[in-house]
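Please read the structure below before turning to the comments.
Every read-out reported here was derived from the displayed coordinates using simple, explicitly stated rules and does not represent laboratory data. These figures come from a predicted structure and were not determined experimentally. Here the Cβ positions follow ideal geometry from the backbone for every residue, glycine too, while neighbour counts run over all protein chains shown.
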Amino acid sequence: MRNPQLNSNGELTHLLSIEGLPRAVITHILDTASSFLKVSHRDVKKVPLLRGKSVFNVFFENSTRTRTTFEIAAKRLSADVINLDVTRSSTAKGETLLDTVDNLVAMHADMFVVRHAASGAPHLIAGHLRRLGRNDVHVVNAGDGQHAHPTQGLLDMYTIRHYKKDFADLTVAIVGDILHSRVARSDIHALTTLGAAEVRAVGPQTLLPTAIEKMGVRVCHDLLAGIRDCDVVIMLRLQNERMNGALLPSAREYFSCYGLTPAMLALAKPDAIVMHPGPMNRGVEIDSDVADGPQAVILPQVTFGIAVRMAVMGILAGN
Amino acid sequence: MKKQALQIRNARLIDPKSGFDGLGDLFIAEGRIAAIGPPPTGLTAARQIDAAGLIACPGLVDLSSRLGGIEPELNAAVAGGVTSLACPPDTKPPLDEPGLVERLVRRSATLGLARVYPIGALTQQLAGEKLAEMNGLARAGCIGFSQARQAIVDTQLLLRAMQYAATFGYAVRLRPQDQFLAREGTAHDGEVAARLGLAGIPVAAETVAIATALQLASQTGVRLHLSRLSSAAGVALVRAAKASGMQLSCDVAIHHLHLSEMDIGYFDSNARLDPPLRSASDRDALRTAVREGLAAICSDHTPVDADGKQLPFAEALPGATGVELLLPLTLQWAAQEKLPLALALARITCDPAGILGIEAGSLAVGSPADICLFDPEECWRVTPETLRSQGKNTPFLGYQMSGRVRMTLIDGRIVFAA
């Protein structure tokens, strides 16, 4: 079975998941992002790469932040950007996902940026486009259920490479609700593909998927052991609805066991960086002293995110 | 006395029940098997069918086939060589009223295709709250009772249901899955679910439900059948219970003999099944259980229309079409395991007939002449066009099958010929 996001030449036609992407493709995206980062610092923050192209942001699940960064990225590439808030329109009238896609294809969309609450929805759309023979329409997964958030994974890699240069000797701890996190899955695939020495999945058993170790990570239930001598700490957001009830007794207890405090961070390497996909819950997964401290690179992640999304869209449009 | 008879000539006859496997002629008179081998005196074959190169075996008996549209699905059944099938009660509306069962029995009898044996609802509306009128349902034609895919959460009610069924000697069929452990789950709780971000159904969902069912059944003495085992641990519980002397039967869906969680691939909604496809070692344990005769095979035929499958994996409806694949997939399993055909065919003929307690699945003289004639060598590819069922949903789409039904007879009548 061919990876559905690569064409017969091994080029990227959709970005659905980091899983199965060759290392060279990931590195190419990161290198391209470097050149786009400079665009964002110019007076005229635009390049004409996607001029005349229509990028549809199709968000079946609310997200102002991610949608905005995709919108900025597409506009800096000179694309026409159309934002559809599908949660409030067609699906509420009973239209199926693929009906919506057919309609947007009829409007001559060149690229879909899709967010959906169900794992695999972008794969379904990409498969549908393939059956329609529309290889000229590209899909970017902007987060599907608990499966993948590949542009977040890529921007995390960009950030790590920016600060740490090489992946070979890195120990990376991913801390928190990995069970429900598409970011964690994308980060794990990216880090193992790029050859990080050790990736640790840190959290209570209720927040770690069964068989997560099959993804090439070391499981730590104890934050102390999980964070010790790390180069990179990626903190995950704990959704409000998970805090009180069956998975965790309370946000307070979670913070006392898995919250990143300055004392905890002191166990990591002195030059360790702290990342977070945002939005943060201060005092739940991360202490403000850490979030605002010198080791946090959370805001640079956002800046790099735009360059990485520009790179992804630019590469897809060229293939 | 002179009888008009049908003679099937030159077939390789396989009767799994007796173990007979050899070339010969089969004589059918008055809807029953009159003789195997030389014709009995006084019998002239008015009609002959040359079956050289074909295998004649008893018509297949399917322990679970859902009938969306009755006529197309029964046509699909006979095209798959199935002459008797048990229909689970999760029809719309569910089979919890004798009138509904009578209508189904009458309608299917009128069609004269595969024989339909309804399984009645164990509880009203399958809601797991009040017992259904089992006696009335049995009089209307139900040959057992189940909850289909629903669970009875209230264990006291489950005990009562078993006690009541045992009172009349009715069989109770349970699909063992704890509904709390399976809540929101759509795939085996293993490495594929972890990777794809799908909510998992742990093996414990099956073992907890089996353990509960076994405890309650042994207390009541009810005839218990466990439907569609999916895990090695589940098989182990059943094996241990049988070893301790408990009367118990079970089945495995044909898909689970061949596929594992890996076959979900990139979110293939055709591989969204209930119970979920589990790990390769679970699949191996299921194959062993079926080989040993611990479990029979069923098609778990569940036609789902395209709209129900063209959805993200977790939103897609579970189930696969299977009644036309039951024979070739059983043959494939037999070939892979290097099993004698008589043994493999027993799992889809006499074994399920015994579980259902029906007169079927045998070529013995005097048995109903329900016959499946198939070409074991014929290769074909599974495509929507090659399936007669209204459900085109199968994880085997595009697969090459070997073995195809050429003719199906019920009571000696030809109900399908290709």
ask   = How large, in Å, is chain B by the Kirkwood hydrodynamic radius built from its alpha-carbon pairs?
value = 21.6 Å
query = Which whole-number percent gives the relative contact order of chain A, counting Cα pairs below 8 Å spaced six or more residues apart?
reply = 20 percent
query = Under a point spin-label approximation (7 Å from Cα along Cα-to-Cβ), what is the residue B:30-residue B:52 distance to one decimal in nm?
reply = 3.4 nm
task = Report the full-extension gain for the segment residue A:23 to residue A:8: residue separation times 0.36 nm, less the Cα-Cα distance, to one decimal in nm.
result = 3.7 nm
ask   = For the range A:150-297, what is the charge dipole size about the Cα centre, in debye to the nearest 20, if Lys and Arg each add +1 at the Cβ and Asp and Glu each add -1 at the Cβ?
value = 280 debye
query = Once both axes come from the Cα atoms, what is the angle between helix B:70-79 and the longest principal axis of chain B, in degrees from 0 to 90, rounded to 10?
reply = 60 degrees
request  = Rounding to the nearest 20 debye, state how big the charge dipole of the protein assembly as shown is about its Cα centre with +1 on each Lys and Arg Cβ and -1 on each Asp and Glu Cβ.
outcome  = 740 debye
request  = Mind checking which lysines have their Cα closer than 25 Å to the Cα of residue A:45? Skip sequence neighbours fewer than 8 apart in that chain.
outcome  = A:53, A:75
message = Residues of the range B:24-52 with the amide nitrogen closer than 17 Å to a label point 7 Å from the Cα of residue B:359, along Cα-to-Cβ, please.
response = B:28-35
note = Quarter of the surface of the C-alpha convex hull for the protein assembly as shown, i.e. direction-averaged projected area in nm², equals 34.9 nm²
task = Pop out the ³J(HN,Hα) list for the range A:188-205 in order, Karplus 6.51 cos²θ - 1.76 cosθ + 1.60 with θ = phi - 60°, rounded to Hz; leave Gly and Pro as x.
result = 5, 4, 5, 5, 5, 5, 7, x, 4, 4, 8, 10, 10, 9, 10, x, x, 4
Chain A, helix-only ellipticity at 222 nm - DSSP H runs n ≥ 4, -39,500 (n - 2.57), divided by all residues, nearest 500 = -12000 deg cm²/dmol
query = Under a 5 Å amide H to amide H cut-off, with H placed in plane at 1.01 Å, what residues pair with residue A:13 once short-range neighbours are removed?
reply = A:6, A:7
task = Please give the average number of partner chain Cβ atoms lying within 10 Å of the Cβ of each residue in A:209-216, rounded to a whole number.
result = 5
ask   = Convex hull over the alpha-carbon atoms of the range A:150-297: what's its volume per residue in Å³?
value = 94 Å³
query = What's the angle, to the nearest 10 degrees (0 to 90), between helix B:280-292's Cα axis and the longest principal axis of chain B?
reply = 40 degrees
ask   = Taking the DSSP beta bridges in the protein assembly as shown as the whole, what percent of them are antiparallel, to the nearest 5?
value = 30 percent
ask   = Looking at the P(r) of chain A, how many percent of alpha-carbon pairs lie beyond 31 Å?
value = 30 percent
Those GluC sites (Glu not before Pro) in the range A:1-110 that DSSP places in a loop and that have at most 15 other beta carbons within 10 Å = A:11, A:95
task = For residue B:320, list long-range residues whose amide hydrogen, built 1.01 Å from N in the peptide plane, is under 5 Å from its own amide hydrogen.
result = B:302
query = Against the longest principal axis of chain A, how steep is helix A:23-40, in degrees 0 to 90 to the nearest 10, with axes from Cα atoms?
reply = 80 degrees
task = Report the charge-dipole magnitude of chain B in Debye, nearest 20, computed about the Cα centre from +1 at each Lys and Arg Cβ and -1 at each Asp and Glu Cβ.
result = 840 debye
ask   = Given chain A, what percent of its DSSP beta bridges are antiparallel, to the nearest 5?
value = 5 percent
task = Give me the distance in nm between label points sitting 7 Å out from Cα along the Cα-to-Cβ direction at residue B:233 and residue B:381, one decimal.
result = 4.1 nm
ask   = With springs only between Cα atoms under 10 Å, which of A:203, A:293, A:278 fluctuates most in a Gaussian network model of chain A?
value = A:293
request  = Quick one: among A:303, A:96, A:151, which has the greatest mean-square fluctuation in a GNM of chain A with alpha-carbon springs under 10 angstrom?
outcome  = A:96
task = Find how much the distance from residue A:103 to residue A:45 grows on full extension, using 0.36 nm per residue of separation minus their present alpha carbon separation; answer in nm with one decimal.
result = 17.7 nm
task = Return A:68, A:193 ranked ascending by Cβ neighbour count within 10 Å, so the fewest neighbours appear first.
result = A:68, A:193
request  = Please build a GNM for chain A, connecting alpha carbons under 10 Å apart, and tell me which residue among A:170, A:132, A:77 fluctuates the most.
outcome  = A:132
task = Only bridges with both residues in chain B count here: give the DSSP antiparallel percent, nearest 5.
result = 50 percent
ask   = Lys/Arg Cβ at +1, Asp/Glu Cβ at -1, dipole of the range A:150-297 taken about the Cα centre: which of A:251, A:189, A:261 is farthest positive-ward?
value = A:189
inquiry  = Based only on Cα atoms, what mean projected area does the convex hull of the range A:158-235 have, in nm²?
reply    = 4.5 nm²
message = If I take R0 = 45 Å and measure r between the Cβ atoms of residue B:402 and residue A:246 in this structure, what FRET efficiency does the formula 1/(1 + (r/R0)^6) give, to the nearest 0.05?
response = 0.40
ask   = Tell me, in nm to one decimal, what length is gained between residue A:253 and residue A:224 on full extension, where the rule is 0.36 nm per residue of separation less the Cα-Cα distance?
value = 8.9 nm
request  = For residue B:155 paired with residue A:117, estimate the spin-label separation in nm (one decimal), with each label point 7 Å from Cα along the Cα-to-Cβ line.
outcome  = 3.4 nm
message = For chain B, what does the helix formula give at 222 nm: sum of -39500 (n - 2.57) over DSSP H segments with n ≥ 4, over the residue count, nearest 500 deg cm²/dmol?
response = -9000 deg cm²/dmol
key: Ranked packing of B:197-205, B:152-160, most packed first, by mean Cβ within 10 Å   = B:197-205, B:152-160
